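Student: Once you've had a glance at the structure underneath, I'll fire off some questions.
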Amino acid sequence: MKQFKKIITAVILCSQILTQVWAKEAVQTPCYINTIDVENSDFENGNWKYKFTASDGTSFLLEEGQKHTFLIVNGKISSENVVIQNDISFVSLEGICKELHLQKEENKNNIKNGLDNIVVDSSLSIKKNNEILPIKAIYVENEIYVPLKEFVTALNGAVSYTTKEIMPLYNPLICIDTREQKVTKEQALQMAKQKMNQCYQNFLLEQKNDNANKMLIQIQQKINAMQCIEDTASFWIIDASYLLLVDKVTGEIYYKTGHGNAGHGSYVETIDKVDSNTIDFFEYIINHNF
């Protein structure tokens, strides 16, 4: 039990450090940390709870086994609520307009998007330039929610769904993006390899572990063998020493740490930004033979 408490303390310290760093910026990014919530967990009875904190400071509790649908809008974690009804994802009309900076007429459900005009009429039908979309909007607690895929597609945006290990505890992710894509898959892979090699060289300058040579060779081999394994509406997903996310528009690179297998004292999952001084993840690999 004493060792368990030490592990928990270390995890909390890690969480506090990351949260303090983000608090200075308080901006939306895809970055987050998900850790054990000590105050609300009942460890003796195996009732674990987890605290999710996004880079803008938004936080909420997750329970093991609970399914929470996360939403990323134009490369940033959104706090908008996603409602699933008959396997269709809906989101607040007001909320999605705010997230996408759309012009919505006050007290009316008319949205301007360039030359296009999107209207939600009194019957909850959605029209784009008078063409009716196949799925209607719904009411959720007296608020209009629009079908996410159809609405974003009408805006000429991209929508993707994934349960890959991007968000914590294997929770599903819907990613929507209305930006103009600038970074190709080949460019993303090249940028990621270059960034990883920069980080790796900086790490070697700090490396004092004489027994790590074999692991260092494996890390370099992993960098050389990096591949793009998937993409979402906003990111190219690259398999490296860690899972890397390359923003399709800005080229910013993020890395994912941790796994969704929870229920133990050392559990933590994060996404954070990679820069040339980000070398801690190589230290983690060496120490854990990962």
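The values are calculated or read from the model by the stated rules, or taken from the named source; none is laboratory data. The shown structure was predicted, so the numbers you read here are calculated from the model rather than taken from an experiment. In this analysis, Cβ positions are derived from the backbone assuming ideal geometry, glycine residues included, and neighbour counts consider all displayed protein chains.
Student: Looking at (1) surrounded by 15 or more Cβ atoms within 10 Å (Cβ to Cβ); (2) within 27 Å of Trp236 (Cα to Cα), which one does Ile144 not meet, given that it meets all the others?
Tutor: (2)
Student: Tell me the residue from Asn202, Asn224, Asn213 that is more than 23 Å from the chain's Cα centre (by Cα), surrounded by 14 or more Cβ atoms within 10 Å (Cβ to Cβ) and not aromatic (Phe, Trp, Tyr), please.
Tutor: Asn202
Student: Only one residue in Gly260, Gly251, Gly265 is of a type in the set (Gly, Ala, Ser), surrounded by fewer than 18 Cβ atoms within 10 Å (Cβ to Cβ) and touching a Pro at 6+ places or on another chain (Cβ under 8 Å), so which one is that?
Tutor: Gly260
Student: Taking into account only those residues within region 227-248 that are under 16 Å from the mean Cα position of the chain (by Cα), over 19 Å from Ser78 (Cα atoms) and of a type in the set (Val, Ile, Thr), which is surrounded by the fewest Cβ atoms within 10 Å (Cβ to Cβ)?
Tutor: For region 227-248, the residue satisfying everything is Ile237.
Student: Next question, about the same structure. Need pairs with beta-carbon distance below 8 Å; first residue at positive phi and within region 162-185, second part of a strand (DSSP E or B) and surrounded by 17 or more Cβ atoms within 10 Å (Cβ to Cβ); sequence gap 6+ or separate chains.
Tutor: Leu169/Asn34; Leu169/Tyr50; Leu169/Leu62; Leu169/Glu269
Student: Still on this model: Quick check, is Thr257 modelled with pLDDT of 85 or more, β-branched (Val, Ile, Thr) and closer than 30 Å to Asn47 by Cα?
Tutor: So Thr257 fits the description; yes.
Student: Determine whether Phe151 is closer than 23 Å to Pro172 by Cβ, of a type outside the set (D, E, K, R), at pLDDT 95 or above and in a helix (DSSP H, G or I).
Tutor: yes
Student: Mind checking which residues of region 89-134 are assigned to a strand (DSSP E or B), surrounded by 14 or more Cβ atoms within 10 Å (Cβ to Cβ) and hydrophobic (A, V, I, L, M, F, W, C)?
Tutor: Listed by number, the residues that qualify are Phe90, Val91, Ile111, Ile118, Val119, Val120, Ile126.
Student: Restricting to region 1-60, what's the tally of residues that are surrounded by fewer than 14 Cβ atoms within 10 Å (Cβ to Cβ), among the charged types (D, E, K, R) and at pLDDT 75 or above?
Tutor: 3
Student: Which pairs have Cβ atoms under 8 Å, sit 6 or more apart or on different chains, and link a residue in region 74-87 that is under 18 Å from Val140 (Cα atoms) to one that is surrounded by fewer than 18 Cβ atoms within 10 Å (Cβ to Cβ)?
Tutor: Listed pairs, sorted by first residue: Ser79/Thr58; Val82/Thr69; Val83/Ile138; Val83/Val140; Ile84/Thr69; Gln85/Ile138.
Student: So, one more: Select, from Ser123, Ser59, Ser78, the only residue that is hydroxyl-bearing (Ser, Thr, Tyr) and more than 30 Å from Glu269 (Cβ to Cβ).
Tutor: Ser123
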